[in-house]
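In what follows, a structure is listed as structure tokens, so that the remarks can point back to it.
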Amino acid sequence: MYLRYRFLLLLPLLLMRESNHANQIRLKNGDLLNGKLINVTESQIVWRSDTFGLLSIPIDDVLETLDGRSFQKLASALDTDVFEKSLASYEGNVSISGSASSGNQERKNWDFEVTLERTKDQLRQIGTFEYESHSLDGRQAENSFDVIYMADWFIEEHWFWRNEVSVGADENRSLDQVFSVGSALGRQFWDDGIDALSTELGFLWIAENQINDIKNEQMAFNWSLDYSKMFWNKITFYHQHDLWISMQDINDNQAEIDIGIKIPIIRDLFTEIKFEWIFDNKPVRGSDKLDSQYSIGINYVW
């Protein structure tokens, strides 16, 4: 019994050592995959490939790692339940895009976004920060920012309960401050490293402080969808949208849509081409209903 507890205490060190050294695996079909070990059970390994992203691979298909270690031996030697609960996985994304023009029109645009994700057991946490600055013909730049925190609790393998809170501002849309709190039921239909689809349906409380000193608070229905697909094992297409409809006035609704393509340059570095639309059926007085933006930037993923 003493030896068993001693082994469990040393287990995190063993896993860290295995994760740091197993940077290449060989499959029985002859393929070599560079990347990092994320998780291992008696039936499969979760491997973050430098080329294909997150993969779930049957353990019987893995021949060996670069240094000859066998995942079959590792899985059979470990207490699987303890192993799965001892390891958290992390993902991150940083993107930056900018443009400037001179002559008949003076324009400067800058966009910066960073996303961090942590998954452990049934809990997935996501934090996002986005900042944009736009100026035209020498006028003072109009800035916007969003800070969002989301926590997903997976009730079953594919179903999760999402809670989120966000704060932001958008001078371009005459919003001095926007604060929201929401809760939704979501479903992760699939995520195999090549295709991913998830959706959430729930409620969102929104409080807006407009630049003209008008305050607006309301409860709304909220529907979100996130889809991505990799083509030719390299180029990734994605679509994201967020739609909310006021419970007090069905004609008061808003949609935010992002559509983009990520094209790899070198390892973990991508060129991102993105189209963004924001449609507000009842915008702040003096603002247009539709805002659209096209951008090309650099995106780093780890």
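The values are calculated or read from the model by the stated rules, or taken from the named source; none is laboratory data. None of these values were measured; they are calculated from a predicted model. For neighbour counting, all protein chains shown are included, and Cβ atoms are generated from backbone atoms with ideal geometry for every residue, glycine included. Calculation scope for accessible area: heavy atoms of the full protein, side chains included, ligands and nucleic acids excluded. Shrake-Rupley method; radii C 1.70, N 1.55, O 1.52, S 1.80 Å.
Within the stretch 169-193, being part of a strand (DSSP E or B), surrounded by 17 or more Cβ atoms within 10 Å (Cβ to Cβ) and not aliphatic (A, V, I, L, M) holds for 170, 180, 182, 186, 188. Looking across the stretch 38-47 at every residue that is out of contact with any strand residue (DSSP E or B) (no Cβ under 6 Å at 6 or more places or on another chain) and open to solvent by 10 Å² or more (accessible area, probe 1.4 Å), the one that is modelled with the highest pLDDT is identified as 43.
Restricting attention to the stretch 118-135, the residues that are of a type in the set (Ser, Thr, Tyr) and open to solvent by less than 30 Å² (accessible area, probe 1.4 Å) total 3.
Of 143, 163, all but one fail to be assigned to a strand (DSSP E or B), open to solvent by 30 Å² or more (accessible area, probe 1.4 Å) and modelled with pLDDT under 90; the exception is 143.
Only a single item in (1) at negative phi; (2) open to solvent by less than 50 Å² (accessible area, probe 1.4 Å); (3) modelled with pLDDT under 90; (4) in contact with a Leu (Cβ under 7 Å, 6 or more places away or on another chain) is not met by residue 199, and it is number (3).
When we screen 99, 95 for residues that are at pLDDT below 75, more than 29 Å from residue 31 (Cβ to Cβ) and surrounded by 14 or more Cβ atoms within 10 Å (Cβ to Cβ), the only hit is 99.
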